[in-house]
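This report refers to the structure that appears directly beneath it.
The values are calculated or read from the model by the stated rules, or taken from the named source; none is laboratory data. Every value quoted in this text rests on a predicted model; they were computed, and no experiment measured them. Counting neighbours? That spans all protein chains shown, and the Cβs are built from the backbone with ideal geometry, glycine included. Surface accessibility is based on the protein's heavy atoms, side chains included, excluding ligands, DNA and RNA. Shrake-Rupley method; radii C 1.70, N 1.55, O 1.52, S 1.80 Å.
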Amino acid sequence: MIIPLALPDITRKEIKSVVKVLKSNILSIGPELESFERKAAQYKGVKHAIGVSSGTAGLHLLIRAMGIGRDDEVITTPFSFAASTNCILYEGAKPVFIDIDPDTLNMDIDSIEEKITAKTKAILPVDVFGQPMDIRKVTRIASKYNLKVIEDSCEAIGSEYEDIRSGSYADGAVFAFYPNKQITTGEGGVIVTNDENIANLCRSMRNQGRGINSSWLQHERLGYNYRMDELSAALGSIQMDRLDSILSMREKIASMYNQRLQSIKDIKLPYISPSVTRMSWFVYVIRLESYIDRDKVMEYLIDSGVSCRPYFPPIHLQPYIRETLGCKEGTFPITEKVSASTLALPFFNKLKRKQVDYVAVKLEEAIKMCRKLC
């Protein structure tokens, strides 16, 4: 049996919508983007949504829109996809890492204040694997020190913490729609905010710095080609209509895994905070005990046709971050310990029970093999 790590869920409705765009001859800056943005804003309960070419692009635009630049500091997590750090470096600012909570794997909120300096301009929390943070607690700290909050919810569309939807409470937030995400636009992302000035700046900068009312080749500021095209927007619009159904499917698959894997020794199942009122499952990541060789388990699974990946390697130990910031091993021990033990298993909307069973069987075989080697 061959089981991929992730698969997009595309129906005839999405295909029909994309074909309609192709026949319309309007492939950029058209009605599909407006429709997608309207649906995203309505779903999140915010005033503004700005479609962009990727989640990374969205984070970069928010950094610029909030005036964060050279020598400024942004507090963030070392346990994430690299984009949450890269967007800070793009503007010459400095990422200031804090370690993570060993259960939720999100940044340790209680450690934020000790990292705040006169150079700190913002806090950039990440809703890791779809688990939302206590964003109200983060924003209270930010308000105390007059800081901005940029929520990286790229992995968490639809998640809720104490009934607050991820991305709806910060100064600005971003969701991403790469093919392995809960919903997809192929490539793409969306910025959400209630701040009209931030929204206008992001709309301008995504389109080469053109002003809202500027003529065709008039540019008011430095900008980028970060636009979302009409094909991606049409795909995303139908996916948005299906979002609640998709989240329910993923919840059921996570439950199947939890039930099937609970009897296997030497692994830790994903922890969900009791304050999370809705979990938006991006990936299904288990953790292995330290005496189990994670890489050997991966090798056995891959040889058995089961795709898997380590999620995430520590950002602060990436070669370019070591060189740029001088980070060393041991600086963030919880992140490093967690990163050495994580294993993402196949997870997508239409994963079958027999596939989950096969993954479980092969995982147990791999762990037994590693126990003998210990």
Among the candidates 262, 218, residue that is out of contact with any strand residue (DSSP E or B) (no Cβ under 9 Å at 6 or more places or on another chain), open to solvent by 30 Å² or more (accessible area, probe 1.4 Å) and polar (S, T, N, Q)
262
Please find, within region 277-297, the residue that is farthest from residue 178 (Cα to Cα) out of those that are in contact (Cβ under 8 Å) with a residue 60 or more places away in the chain and part of a helix (DSSP H, G or I).
296
Can you tell which of 14, 91 is modelled with pLDDT of 95 or more and open to solvent by less than 10 Å² (accessible area, probe 1.4 Å)?
14
Inside region 314-347, can you point out the residues that are among the polar types (S, T, N, Q), in a helix (DSSP H, G or I) and within 30 Å of residue 358 (Cβ to Cβ)?
339
Filter pass, residue 210 being surrounded by fewer than 13 Cβ atoms within 10 Å (Cβ to Cβ) and more than 24 Å from the chain's Cα centre (by Cα)
no
Candidate set from region 221-238 (those that are open to solvent by 10 Å² or more (accessible area, probe 1.4 Å) and touching a Phe, Trp or Tyr at 6+ places or on another chain (Cβ under 9 Å)); member that is nearest to residue 63 (Cα to Cα):
232
Among residues of region 42-61 being open to solvent by less than 10 Å² (accessible area, probe 1.4 Å) and hydrophobic (A, V, I, L, M, F, W, C), the residue farthest from residue 157 (Cα to Cα) is 61
Return yes when residue 311 is under 23 Å from the mean Cα position of the chain (by Cα) and assigned to a loop (DSSP other than H, G, I, E, B) and no when it is not.
yes
Of the residues 227, 250, only one is at pLDDT 95 or above, within 23 Å of residue 161 (Cβ to Cβ) and out of contact with any His (no Cβ under 7 Å at 6 or more places or on another chain); which?
250
Exactly one of 199, 156, 173 is open to solvent by less than 10 Å² (accessible area, probe 1.4 Å), modelled with pLDDT of 95 or more, of a type in the set (A, V, I, L, M, F, W, C) and part of a loop (DSSP other than H, G, I, E, B), and that residue is 156
